[in-house]
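I have placed the structure first, in the form of structure tokens, so that the comments after it can refer back to it.
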Ligand SMILES: Cc1cc2nc3c(=O)[nH]c(=O)nc-3n(C[C@H](O)[C@H](O)[C@H](O)COP(=O)(O)OP(=O)(O)OC[C@H]3O[C@@H](n4cnc5c(N)ncnc54)[C@H](O)[C@@H]3O)c2cc1C
């Protein structure tokens, strides 16, 4: 990147920019090359200025959350990676509707773990299904993250977003379209819309009961998911009426390895980094799994993990 452009970006960014930044530490897989720059953004105004600068200078960019559903290429990303800082991670009680329901505004950078701790502390129920999902709220909305029969679509009331051309837009519940592990309003003006904040609709509940449900879900996760090996959660989406894990296990692929990437021996839908896995290892393993499952069952597994 040219010195002049670097200076311009530095003048717009609130936090120091990390140039030539390794991305593996920003993902739960611990895989991937470097980005030209990484900027921690603190406000909508700052984001707007940066997006305009990217567009004027034809500079590629991507916003990521906690990188828990992400496979970063070995060659990295020739552009700017944005993440949200504390200024875009706040939690505020916006409105109590009187019918036991409340609207909570949450910055997209807030981690689900911190949000659930806040909800429990303030006795708000509805989000317990997300206990143990390790992402940010923004990432959870984009993925329509879910577990135990619940999903983000059940609790999202409206979204504060920014288009790639830096226009702020509010999307009400009647405009929002979610499907299985996907938010369908993200494409905007040929680019991807950014979620800045989400209004969640939650119910007043009993603190001890909310805490008990969260603990129970966490406990069940510990029993079912691999421990100690880096991963990005479920790698494939469940096909209608079946489970990707069951199909992969039925194809005898538990423990199958490609370089440092392995099909978990605990949960077959988790591809794990068993040491020094590269993105290429993961991609090769993904193809082997897809081909074997398609041959054995006729079902083509679609990946859930996003690529960068
Ligand atoms: C151990 C483990 C268990 C998991 N269990 C579950 C589970 O039970 N259920 C489930 O659904 N998922 C699960 N996941 C996957 C993952 O945690 C969720 O999909 C999570 O919601 C992703 O959030 P993130 O912030 O990490 O997003 P990232 O991985 O950083 O990003 C995912 C995508 O969202 C985009 N994005 C992120 N933030 C924004 C934003 N603010 N605006 C616009 N785009 C954005 C990124 O560009 C990317 O395309 C699990 C993952 C792990 C590692």
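The values are calculated or read from the model by the stated rules, or taken from the named source; none is laboratory data. All figures in this text were calculated on a predicted structure; none of them were measured in a lab. Heads up, the Cβs are rebuilt from the backbone with ideal geometry, glycines too, and the neighbour counts pull from every protein chain shown.
For the range 130-146, the count of residues that are surrounded by fewer than 22 Cβ atoms within 10 Å (Cβ to Cβ) and over 14 Å from the mean Cα position of the chain (by Cα) is zero. Determine, yes or no, whether residue 111 is touching a strand residue (DSSP E or B) at 6+ places or on another chain (Cβ under 8 Å), more than 7 Å from the ligand (Cβ to nearest atom) and farther than 24 Å from residue 85 by Cβ. Criteria not met by residue 111. Residue pairs whose Cβ atoms lie under 6 Å apart, separated by 6 or more positions or on different chains, with the first residue in the range 89-100 and in contact (Cβ under 8 Å) with a residue 40 or more places away in the chain and the second exposed (fewer than 11 other Cβ atoms within 10 Å of the Cβ), do not occur. Residues that are part of a strand (DSSP E or B) and farther than 27 Å from residue 233 by Cα within the range 110-122 are absent altogether. Residues that are surrounded by 13 or more Cβ atoms within 10 Å (Cβ to Cβ), within 15 Å of the ligand (Cβ to nearest atom), under 30 Å from residue 169 (Cα atoms) and not assigned by TED's automatic domain parsing to the domain that holds residue 272 within the range 186-241 comprise 186, 188, 191, 192, 193, 194, 195, 196, 197, 198, 199, 200, listed in sequence order.
Residue 257: more than 21 Å from the chain's Cα centre (by Cα) and surrounded by fewer than 17 Cβ atoms within 10 Å (Cβ to Cβ), yes or no? For residue 257, the condition - more than 21 Å from the chain's Cα centre (by Cα) and surrounded by fewer than 17 Cβ atoms within 10 Å (Cβ to Cβ) - is met.
Scoring residue 219 on the criteria (1) under 30 Å from residue 100 (Cα atoms); (2) touching a residue at least 24 places away in the same chain (Cβ under 8 Å); (3) out of contact with any helix residue (DSSP H, G or I) (no Cβ under 7 Å at 6 or more places or on another chain) leaves a single failure, condition (2). All conditions but one from (1) outside the structural domain of residue 106 (by TED's automatic domain parsing); (2) touching a strand residue (DSSP E or B) at 6+ places or on another chain (Cβ under 7 Å); (3) modelled with pLDDT of 95 or more apply to residue 299; the one that does not is (2). Among the candidates 111, 158, the residue that is outside the structural domain of residue 42 (by TED's automatic domain parsing) and under 25 Å from residue 220 (Cα atoms) is uniquely 111.
For the range 59-88, what are the residues that are near the ligand (Cβ under 6 Å from one of its atoms) and closer than 20 Å to residue 230 by Cα? Spell out the reasoning first.
The first filter runs over the range 59-88 and keeps only residues near the ligand (Cβ under 6 Å from one of its atoms), leaving 62-70.
Those that are near the ligand (Cβ under 6 Å from one of its atoms) and closer than 20 Å to residue 230 by Cα: 64, 65, 66, 67, 68, 69, 70.
For residues that are within 16 Å of the ligand (Cβ to nearest atom) and surrounded by 16 or more Cβ atoms within 10 Å (Cβ to Cβ), tally how many sit in the range 89-108. Spell out the reasoning first.
Here is the first cut: in the range 89-108, the residues within 16 Å of the ligand (Cβ to nearest atom) are 89-91, 105-108.
So of that shortlist, the ones also surrounded by 16 or more Cβ atoms within 10 Å (Cβ to Cβ) come out as 89, 91, 105-108.
So the answer is 6.
Inspect the range 77-89 for any residue being outside the structural domain of residue 261 (by TED's automatic domain parsing), farther than 19 Å from residue 141 by Cα and out of contact with any helix residue (DSSP H, G or I) (no Cβ under 9 Å at 6 or more places or on another chain) and give the result as yes or no. Yes, the conditions are met somewhere in the range 77-89.
So, in the range 123-153, of the ones that are away from the ligand (no atom under 11 Å from the Cβ) and touching a helix residue (DSSP H, G or I) at 6+ places or on another chain (Cβ under 8 Å), which residue ends up nearest to residue 235 (Cα to Cα)?
Per the criteria, the residue is 149.
For the range 290-308, how many residues are more than 16 Å from the ligand (Cβ to nearest atom) and either over 14 Å from residue 238 (Cα atoms) or exposed (fewer than 13 other Cβ atoms within 10 Å of the Cβ) (or both)? Selection size over the range 290-308: 6.
Scanning the range 148-186 for residues that are under 14 Å from the mean Cα position of the chain (by Cα) and in a strand (DSSP E or B) returns 151, 182, 183.
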